[in-house]
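Asker: Below is the structure I would like to discuss, written out as structure tokens.
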Amino acid sequence: MTLFFPERGKYALLNPVCSVIIKTRKLCPELLHVPDMRESLEEFKMKMLIKNGKVVDPVNGTLSLMDLLVENGKIALLEPGIESEADEIIDAKGLVVSPGLVDMHVHLRDPGLTYKEDIHTGALAAARGGVTSMACMANTSPVLDTPEQMIYVKEKAAQGCGVNVYPIGAVSKGLRGKELTDFEELKNAGAIALSDDGNNIDDANLMRDALIRARRQGMTILAHCEDSNMVGNRAVNEGRVSRQLWLEGRPAIAEELVIMRDAMLAEETKAAVHVCHISTARSVEIIRRMKKKGIAITCETCPQYFTLTEDEILTQGTLARVNPPLRTEKDVKGIITGLKDGTIDVIATDHAPHSVDEKRRELTKAPSGMVGLETSLAITLTQLYHTGRMELPEIIRRMTSNPAAILKLNKGRLMVGSDADITIFDPDEEWTIDPDQFASKGRNTPFAGMTVKGKVKYTIVNGKVIYQDK
Ligand SMILES: [Zn+2]
């Protein structure tokens with residue numbers, strides 16, 4: 001059966017299940033008013049064949065030439081030389097076919113701070129960066145600390161470009177670090193994890209209670225580790241650059257102490273702690289040691305921490321201001337070692353958009369953070385793959401199956417029957433980072449003008465192309 005779909009401007013072959021739905025609709029026109037039926041009709045019609053690509057299996061650590069047939073939004077076949085009719089055929093010769101990237105640390109600024117970003121623009125930025133699933137942090141205005149806020153994020157995301165958005169609930173009400181939120185209620189409303197990210201949880205007793213309750217709900221706490229009293233609102237790492245600028249700095253030990261504390265609390269409570277954006281060589285050492293003891297601790301880092309040092313502040317000013325701060329050459333090396341030996345489980349972005357005006361303020365008054373969704377894969381490939389430091393499946397594992405496992409999401413792997421969330425990229429294509437091309441409202445990146453190697457060509461969610469590089 002062939003039908004014309006005006007929004008796609010082409011004819012599509014329909015499988016028998018789909019024509020049954022259409023026949024039923026003719027008989028019962030009221031079915032047309034059921035919105036989810038419409039949605040399933042949309043999904044049923046597409047059959048997509050991705051040919052000749054190098055398919056990554058991040059769990060088995062392999063890269064093999066295979067074809068991939070997508071039907072009804074799921075992967076129907078995965079083997080070499082598939083011959084099948086399809087509505088859409090993508091020739092992926094010379095390209096890498098990866099599970100869609102999973103970014104577990106994103107600030108979408110919605111509700112309340114939508115001049116910086118909103119869920120829609122954030123999702124468009126994700127699609128351009130090859131990210132098909134992302135978890136968004138709770139430090140919005142109001143804070144994501146009630147079931148209503150979870151539902152708001154999910155509903156707004158559902159109207160977007162198709163990227164899966166998972167809200168993270170706050171650990172403490174209003175992120176004030178005083179009183180815990182209702183974890184069970186947040187979980188039931190769709191919170192995928194818990195975090196006060198942006199703020200450290202200074203009160204060890206509150207953190208301990210939070211871990212006990214989170215464990216009961218089977219939820220993971222994502223911890224922003226930096227002792228508040230030791231870092232205040234300071235702008236840069238404590239060290240050579242802070243002394244050169246006559247500024248008080250944020251010492252490495254402020255991060256390392258809290259990681260140590262949280263690891264010990266995780267050991268005692270048997271709860272799962274995930275440390276956000278680690279930035280120092282000693283943080284890597286601590287976590288390596290704690291993992292060896294069998295403690296349920298995982299961690300992430302971000303491209304800026306294995307690419308840039310505190311020196312960036314001297315040339316880029318506020319664009320290089322981020323929490324935790326960019327550190328030293330020795331720390332960059334330590335982070336890379338941690339990525340290579342598996343101590344660091346995840347590469348996330350900590351995508352943190354701010355307005356141009358905010359970043360124009362002087363260094364001590366500008367907000368911290370940088371955007372990352374549209375540059376993360378390219379910087380990572382440039383820094384870790386093209387330098388020969390890591391193999392491709394190892395890198396992809398830290399951007400797909402590992403974060404999916406920590407969030408208990410059934411994503412991050414391409415297998416028959418799994419959701420057809422796929423990122424296709426050219427690992428060798430060179431391009432120059434130009435913030436004016438970003439879909440994000442944020443332009444705040446210290447990577448502007450950098451030539452990188454690795455470009456997203458297609459982003460596919462549920463078997464639908466949501467971004468194509470032209
Ligand atoms: Zn943070």
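Asker: Taking the Cβ of Arg282 as the centre, find all other residues whose Cβ is under 9 Å away and add up their charges (Lys, Arg: +1; Asp, Glu: -1). Walk me through the numbers before you get to the answer.
Answerer: Working: positive: none; negative: Glu255, Glu256, Glu285, Asp331.
With Lys, Arg at +1 and Asp, Glu at -1, the neighbours total -4.
Asker: In the neighborhood of Asp350, defined by Cβ-to-Cβ distances under 11 Å, what is the net charge if each Lys or Arg adds +1 and each Asp or Glu adds -1?
Answerer: Working: positive: none; negative: Asp103, Asp197, Glu300.
With Lys, Arg at +1 and Asp, Glu at -1, the neighbours total -3.
Asker: Quick test of the membrane-span-like rule: which DSSP H helices of the chain reach at least 24 Å along their long axis (C-alpha atoms) with mean Kyte hydropathy at least -0.5? Could the numbers behind the result be given before it?
Answerer: On the way: long enough: 252-269 (26 Å, 0.51).
Taking the DSSP H segments of the chain (at least 24 Å long, mean hydropathy at least -0.5), we get 252-269.
Asker: So if I take the centroid of the Cα atoms in segment 52-94 and the same for segment 155-196, what is the distance between those two points in Å?
Answerer: 34 Å
Asker: May I pose another question? In whole Å, what three semi-axes, largest first, describe the equivalent ellipsoid of segment 296-376 built from its Cα gyration tensor (square root of 5 times each eigenvalue)? Each step should come with its number before you reach the end.
Answerer: Values: eigenvalues 121, 41, 18 Å².
Value: 25, 14, 10 Å, ordered largest first.
Asker: In whole angstrom, note down how far apart the Cα centers of segment 384-404 and segment 298-358 are.
Answerer: Answer, in whole Å: 17.
Asker: Which whole-Hz ³J(HN,Hα) couplings does segment 377-388 yield from phi under the Karplus relation 6.51 cos²θ - 1.76 cosθ + 1.60, θ = phi - 60°, glycine and proline marked x?
Answerer: Result, ordered by residue: 4, 5, 5, 4, 5, 4, 7, 10, 8, 6, 8, x Hz.
Asker: Let me ask something else about it. What percentages, rounded to whole numbers, describe P(r) for the chain computed over all alpha carbon pairs with 20 Å bin width beginning at zero?
Answerer: 25, 56, 18, 1
Asker: Still on this structure: Loop-only GluC sites (Glu not before Pro) in segment 66-100, please: DSSP not H, G, I, E or B, and at most 13 other Cβ atoms within 10 Å. Numbers along the way, then the final one.
Answerer: Values: sites: Glu71, Glu83, Glu85, Glu88; in loops: Glu83, Glu85.
Answer in residue order: Glu83, Glu85.
Asker: Here's something else I'd like to know. What distance in nm separates the two pseudo spin-label positions at Glu394 and Glu267, each 7 Å out from Cα along the beta-carbon direction?
Answerer: 2.8 nm
Asker: Check Gly53: other-chain or 5+ apart residues with amide H under 5 Å from its amide H, H built from backbone geometry?
Answerer: Amide H neighbours of Gly53: Met66, Ala92.
Asker: Starting from 0.36 nm per residue, how many nanometres of slack lie between Leu77 and Met230 once their C-alpha separation is accounted for?
Answerer: Values: separation 153, 0.36 × 153 = 55.08 nm, distance 5.41 nm.
Residue separation times 0.36 nm, minus the Cα-Cα distance, leaves 49.7 nm.
Asker: Among 164-170, 74-80, how do they line up from the highest to the lowest mean number of other beta-carbon atoms within 10 Å?
Answerer: Top of the packing list down: 164-170, 74-80.
Asker: Can I ask one more? What FRET efficiency, computed as 1/(1 + (r/R0)^6) with R0 = 25 Å and r the Cβ-Cβ distance, is obtained for Ile89 and Lys154, rounded to the nearest 0.05?
Answerer: Working: r = 33 Å, r/R0 = 1.34.
According to the calculation, E is roughly 0.15.
Asker: Over 31 Å between Cα atoms: which of Lys74/Lys457; Lys292/Lys330; Lys51/Lys154 fall into that group? Don't skip to the end; give the middle numbers.
Answerer: Numbers: Lys74/Lys457 20 Å; Lys292/Lys330 23 Å; Lys51/Lys154 34 Å.
Lys51/Lys154, as the Cα separations exceed 31 Å there.
Asker: Could you give the distance between the Cα centres of segment 418-445 and segment 237-284, to the whole Å?
Answerer: Each part reduced to its Cα centre gives a spacing of 30 Å.
Asker: Could you tally the net charge around Ser401, taking each other residue with its Cβ under 15 Å from the Cβ of Ser401, Lys/Arg +1 and Asp/Glu -1?
Answerer: Values: positive: Arg397, Arg398, Lys408, Lys411, Arg413; negative: Asp57, Asp103, Glu300, Asp345, Glu391, Glu394, Asp419, Asp421.
My count for the surroundings of Ser401 gives -3.
Asker: Something else about it: If R₀ is 22 angstrom, what is the calculated FRET efficiency for the pair Ile212 and Lys292, using the beta carbon separation as r and rounding to 0.05? If you can, show how the numbers build up before the last one.
Answerer: On the way: r = 24 Å, r/R0 = 1.10.
Taking R0 as 22 Å, the efficiency between Ile212 and Lys292 is 0.35.
Asker: Within 10 Å of each candidate Cβ there may be at most 11 other Cβ atoms; applying that plus a DSSP loop requirement, which trypsin sites (Lys or Arg not before Pro) in segment 271-302 survive? Mind dumping the intermediate values first?
Answerer: Working: sites: Arg282, Arg288, Arg289, Lys291, Lys292, Lys293; in loops: Lys293.
The qualifying sites are Lys293.
Asker: So how far apart, in nm, are the two label points at Lys470 and Arg360 if each is 7 Å from Cα heading toward Cβ?
Answerer: Going from the Lys470 label point to the Arg360 one covers 3.4 nm.
Asker: Provide the packing ranking of 254-261, 128-135, i.e. peptides ordered by the mean count of other C-beta atoms within 10 Å per residue, highest first. Present the calculation step by step, with values, prior to reporting the outcome.
Answerer: Working: 254-261: 21.6, 128-135: 27.4.
Final packing ranking: 128-135, 254-261.
Asker: Work out how much length Asp341 to Asp182 would gain on full extension: take 0.36 nm times their residue separation and subtract the Cα-Cα distance, in nm to one decimal. Before the final figure, lay out the partial values.
Answerer: Details: separation 159, 0.36 × 159 = 57.24 nm, distance 3.71 nm.
Here the answer is 53.5 nm.
Since every read-out is calculated from the coordinates, none of them should be taken as a lab result. Quick caveat, the model's predicted, so the values are computed rather than measured. Note that each Cβ is placed from the backbone with ideal geometry, even for glycine, and that neighbours are counted across all protein chains shown.
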